[in-house]
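The values are calculated or read from the model by the stated rules, or taken from the named source; none is laboratory data. All values reported here derive from a predicted model rather than from experimental measurement. Neighbour counts run over all protein chains shown; Cβ positions are idealised from the backbone, glycine included. Protein only, heavy atoms only, side chains kept; ligands, DNA and RNA dropped before computing areas. Shrake-Rupley method; radii C 1.70, N 1.55, O 1.52, S 1.80 Å.
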Amino acid sequence: MSLIADKASFLKQQINYEKERTTLPAGYPAFPLVPRQRYMDPAFHDLEQKYLWPRAWLLAGHLDEIPEPGCYKTWDMPGIPVIIMRTRNGEVKAFHNSCRHRGALVARQPYGRSPTLVCGYHGWSYDNDGRLIRIQSPREFAPFDLSCRSLVPVKCERLGKLIYVNFDPSSISLQEYLGPLRDEWKQYELDSLRLVHHYTWDLDCNWKVAMEGNIENYHLWNIHGDVIPPFYVKDEYGNITLYKGGHARDITACEGKVAWMRENASVDDPSDIAGLGEIAREHLESYNIFPNGLLSAGSTYHVNAPLFWPKGYDRCRFEIYHLAVDWGPGERPKIWDQVIKFYDTVFGQDNVFTDTIWGGMKSPAFDGAFLGYPESRIYHWHQSFDEFVGRENLPQDMRVEPAIGPEWIYPQDGETRARLFDRSPLTAPFGDEAP
Ligand code: FES
């Protein structure tokens, strides 16, 4: 049996195990409350601003947004203005969007294309590599080396066509940050998927309220029961894998998905993502990437990447990239209007409900989030947040207890579950191939 097939086989057993179990897995922790302050206290928001956003890898764009040399986009989602540019030779680079003269925004439009960026205040000019190439009236300055006043670079790396930035020059690489996810995602062919649609919603709630609604399936049947397709297995909340660093994967069990899609296919249906593994094809995989992103396989031909950003402690922005197999030249096929409308409905149901959650959290009776097994990804996020920012940097009453032991974190979770399935621990399936 090949490594991939063996891993798929293991995951199928795991899916069946989750269907059949009648209690929590033996030894699984009961989660202590996630403190109320982590959502409601502006001081916690300040701690995130100080210790989280400046150090984490953040998804900032897709290559199709800046397709040609000279194209750029501006971005400031964690509150730090950035320019992401294609250089003359097609590389992607990111810079702080702050003029090296007196700090004005150098680029002010969301998107643009130009061989030079000219600051609107006093006309200092930068090339696509961020180099200061010209200043107005140089005789008014003591002679200085222009190269000492280039735009300040921001660390920038790509996963396929997804562009990530990190404000910490000493951070680990994106590849290391993602760990096993990087190879599991090879099946999604992110280096060729095309940007179908990209848009944002602003919401009145803490950003984690909106994000957490997207990293648990416990609400699935209550909120989305009227729209989810019939191949979802009723009252199944998913098979969760927790990774080091706060990332996690959920495999939502489906029955007859491929057959249903074939029966309901139309001539307009997009091509499937050719590299999808058996599990991703027959079920639905969704990953959350610490701290604020998801990568979800919406179907066999579609990937969406939702993101959640703070706009203060009590407001946030929901952003989503829809990606799919390239349809070639010409306009976007009409089918995508229906697909996007469907996702607008689903995410709209989530987002409308955030008002209800946020409204109730304001009550003095809300003493914290009381989480169950299908909400493991949420607790894992909070526990990982404390590790990431350093528990010593958090007031005692804002910390979460490290309840999830290493035996529940990939790849040890495989050994634990293998024991539950009454078989020898599997080691081979936990290579880095796609399941
Ligand atoms: Fe940019 Fe003066 S602030 S040229």
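Residues being in a helix (DSSP H, G or I), open to solvent by less than 70 Å² (accessible area, probe 1.4 Å) and touching a Gly at 6+ places or on another chain (Cβ under 6 Å) are represented in the stretch 331-351 by at least one member. Could you list, in sequence order, the residues of the stretch 35-63 that are farther than 18 Å from Trp381 by Cβ and open to solvent by less than 50 Å² (accessible area, probe 1.4 Å)? Selection gives Ala43, Pro54, Ala60, Gly61, His62, Leu63.
For the stretch 157-175, the candidate set comprises residues that are open to solvent by 30 Å² or more (accessible area, probe 1.4 Å) and either modelled with pLDDT under 95 or under 16 Å from the mean Cα position of the chain (by Cα) (or both); within that set, the residue that is nearest to Ala94 (Cα to Cα) is Glu157.
Can you name every residue in the stretch 27-55 that is in contact with a strand residue (DSSP E or B) (Cβ under 7 Å, 6 or more places away or on another chain) and not charged (D, E, K, R)? Result: Leu33, Val34, Pro35, His45. Considering the stretch 84-101, the residues that are open to solvent by less than 30 Å² (accessible area, probe 1.4 Å) and within 13 Å of the ligand (Cβ to nearest atom) include one that is nearest to Glu48 (Cα to Cα), namely Asn97. Residues of the stretch 127-146 that are exposed (fewer than 13 other Cβ atoms within 10 Å of the Cβ) and either away from the ligand (no atom under 15 Å from the Cβ) or closer than 20 Å to Arg88 by Cα (or both): Arg139, Ala142, Pro143, Asp145. Of all residues in the stretch 328-351, which are in contact with a strand residue (DSSP E or B) (Cβ under 9 Å, 6 or more places away or on another chain) and either β-branched (Val, Ile, Thr) or modelled with pLDDT of 90 or more (or both)? Val339, Ile340 - these are the residues of the stretch 328-351 that are in contact with a strand residue (DSSP E or B) (Cβ under 9 Å, 6 or more places away or on another chain) and either β-branched (Val, Ile, Thr) or modelled with pLDDT of 90 or more (or both). Close contacts from the stretch 104-120, counting a first residue that is without any contact (Cβ under 8 Å) to a residue 40 or more places away in the chain and a second that is open to solvent by 80 Å² or more (accessible area, probe 1.4 Å) and within 16 Å of the ligand (Cβ to nearest atom), with Cβ to Cβ under 6 Å and a gap of 6+ residues or different chains, come to Ala104/Tyr121. The set of residues from the stretch 177-214 being within 21 Å of Val165 (Cβ to Cβ) and of a type in the set (S, T, N, Q) comprises just one member, Thr200. Among the numbered conditions (1) touching a residue at least 24 places away in the same chain (Cβ under 8 Å); (2) out of contact with any Pro (no Cβ under 6 Å at 6 or more places or on another chain); (3) farther than 25 Å from Tyr188 by Cβ, the only one that Phe347 does not meet is (3).
Per the conditions (1) touching a Ser or Thr at 6+ places or on another chain (Cβ under 6 Å); (2) modelled with pLDDT of 95 or more, the sole criterion not satisfied by Ala403 is (1). At pLDDT below 90 and either open to solvent by 10 Å² or more (accessible area, probe 1.4 Å) or over 20 Å from Leu323 (Cβ atoms) (or both) - does that describe any residue in the stretch 289-296? Looking for residues that are at pLDDT below 90 and either open to solvent by 10 Å² or more (accessible area, probe 1.4 Å) or over 20 Å from Leu323 (Cβ atoms) (or both), one finds none in the stretch 289-296, hence no. Counting only residues that are under 19 Å from the mean Cα position of the chain (by Cα) and open to solvent by 40 Å² or more (accessible area, probe 1.4 Å), the stretch 200-254 holds 5 of them.
Scanning the stretch 363-380 for residues being touching a Leu at 6+ places or on another chain (Cβ under 8 Å) and part of a helix (DSSP H, G or I) gives a total of 6. Which of the residues belonging to the stretch 64-76 are open to solvent by less than 30 Å² (accessible area, probe 1.4 Å) and either outside any strand (DSSP E or B) or at positive phi (or both)? Glu65, Ile66, Gly70 - these are the residues of the stretch 64-76 that are open to solvent by less than 30 Å² (accessible area, probe 1.4 Å) and either outside any strand (DSSP E or B) or at positive phi (or both).
Within 18 Å of Arg38 (Cβ to Cβ), modelled with pLDDT under 95 and not hydrophobic (A, V, I, L, M, F, W, C): does that describe Thr354? Yes, satisfied. From Ala43, Ala104, which residue is more than 22 Å from the chain's Cα centre (by Cα), among the aliphatic types (A, V, I, L, M) and either within 16 Å of the ligand (Cβ to nearest atom) or more than 27 Å from Phe385 (Cα to Cα) (or both)? Just a single option satisfies the conditions, and that option is Ala104.
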